[in-house]
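First up is the structure itself, then whatever we jot down about it.
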Amino acid sequence: MTERFKSKTVIITGGARGMGAEHARAFVREGASVVIGDVLDSDGEALIAELGSQAAYHRLDVADPLAWAEFIAFTEKTFGPIDVAVNNAGVGGSGTSIEDASFQSWRRVLSINLDGTFLGMRAAVRSMRNADRPGAIVNISSVAGIIGTPESADYTASKFATRGITKAVAMEVGRYGIRVNSVHPGYIRTAILGELDDSVVAAKTALPRIGVPRDVTELVLFVASDEASYITGAELVVDGGFSAGSPISLRQSVQEYFKSP
Ligand code: NAD
């Protein structure tokens, strides 16, 4: 096992469960001190008990700027200035058509997925700049930040915008040695997918399976590490080929299309 993150301070939002928890385990294994911010306190505390003294949990609603100030103060006091920030917290969309979509739900999705990423980037850059240190920021977008899907205006807006602000901030802070990239998972087996069946995804991806959190963790660790020292402003897809095209031939698709109502 390499220790790519020895003596580094890493923050992971939405790290109490799902992919964020998998990232936290891996960063700790590679020598980092990790602070997890989430609104699921009991899951967060349970994870910390598993990870030991290299990890800490502090409640953080990523959409709340005041909560961010407290979270950063806690992190810096506990482990020192931030070297790596993983803006991973997110919620799924309402799954309604554009006609039925509620404004309140649209605002909620954008406040967590987009405002949360903006506030996380701002906090991380401030901490890195105050300490005059280089760093890496990884923003978790989605394949929904690359391609359009129906009944998903809220989630799609949040994930396309995450991809955009990643590039804007990367251009701004590269001169300080700070790299900013977005990671775009496809279908990954976590709570956010609900009961989605494997066969539904298998028919849409070049690699016919639902991904597992570890598939994404490997990419997050790489892009946050010094091995990726010339990569910034990039959108890195980990989706089994989902966004690359369709594994169904044109002949098959046309037949399917004319069968449907
Ligand atoms: P998950 O639901 O297991 O994890 C999301 C975490 O974010 C949870 O711990 C949740 O409590 C936390 N969270 C939600 N609102 C928050 C808030 N206001 N403040 C702080 N934390 C909050 O789902 P996951 O699949 O592990 O999702 C992680 C990220 O990956 C999300 O940004 C999601 O949009 C993205 N993503 C997931 C998939 C997938 O198929 N699972 C695909 C593409 C992108």
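The values are calculated or read from the model by the stated rules, or taken from the named source; none is laboratory data. Not measured: the values here are computed from a predicted model. Cβ atoms come from the backbone with ideal geometry, glycine included; neighbour counts cover every protein chain shown. Only protein heavy atoms, including side chains, enter the accessible area calculation; ligands, DNA and RNA are left aside. Shrake-Rupley method; radii C 1.70, N 1.55, O 1.52, S 1.80 Å.
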Which members of the range 70-96 meet the condition of being over 19 Å from the mean Cα position of the chain (by Cα), more than 20 Å from V220 (Cβ to Cβ) and either open to solvent by less than 30 Å² (accessible area, probe 1.4 Å) or free of Cβ contacts under 8 Å to residues at least 12 places away in the same chain (or both)?
-> A73, K77, G80
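Yes/no matrix, rows are residues, columns are (1) polar (S, T, N, Q); (2) farther than 30 Å from N130 by Cβ; (3) in contact (Cβ under 8 Å) with a residue 12 or more places away in the chain:
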{"site": "E172", "(1), (2), (3)": "no, no, no"}
{"site": "I178", "(1), (2), (3)": "no, no, yes"}
{"site": "L193", "(1), (2), (3)": "no, yes, yes"}
{"site": "D198", "(1), (2), (3)": "no, yes, yes"}
{"site": "K204", "(1), (2), (3)": "no, yes, yes"}
{"site": "S225", "(1), (2), (3)": "yes, no, yes"}
{"site": "S229", "(1), (2), (3)": "yes, no, yes"}
Residue list for the range 219-237, filter: open to solvent by 30 Å² or more (accessible area, probe 1.4 Å), in contact with a strand residue (DSSP E or B) (Cβ under 8 Å, 6 or more places away or on another chain) and either part of a loop (DSSP other than H, G, I, E, B) or not charged (D, E, K, R) (or both) | L219, S229, I231, T232, L236, V237
Looking at the range 73-103, which of the residues that are among the β-branched types (V, I, T) and within 14 Å of the ligand (Cβ to nearest atom) is farthest from G148 (Cα to Cα)?
-> V86
Pairs where the first residue, in the range 16-28, is within 13 Å of L219 (Cα to Cα) and the second is open to solvent by less than 10 Å² (accessible area, probe 1.4 Å) and near the ligand (Cβ under 8 Å from one of its atoms), C-beta under 6 Å, 6+ apart = M19/V216
Residue satisfying condition, being modelled with pLDDT of 95 or more and part of a strand (DSSP E or B), within set S182, S127 | S182
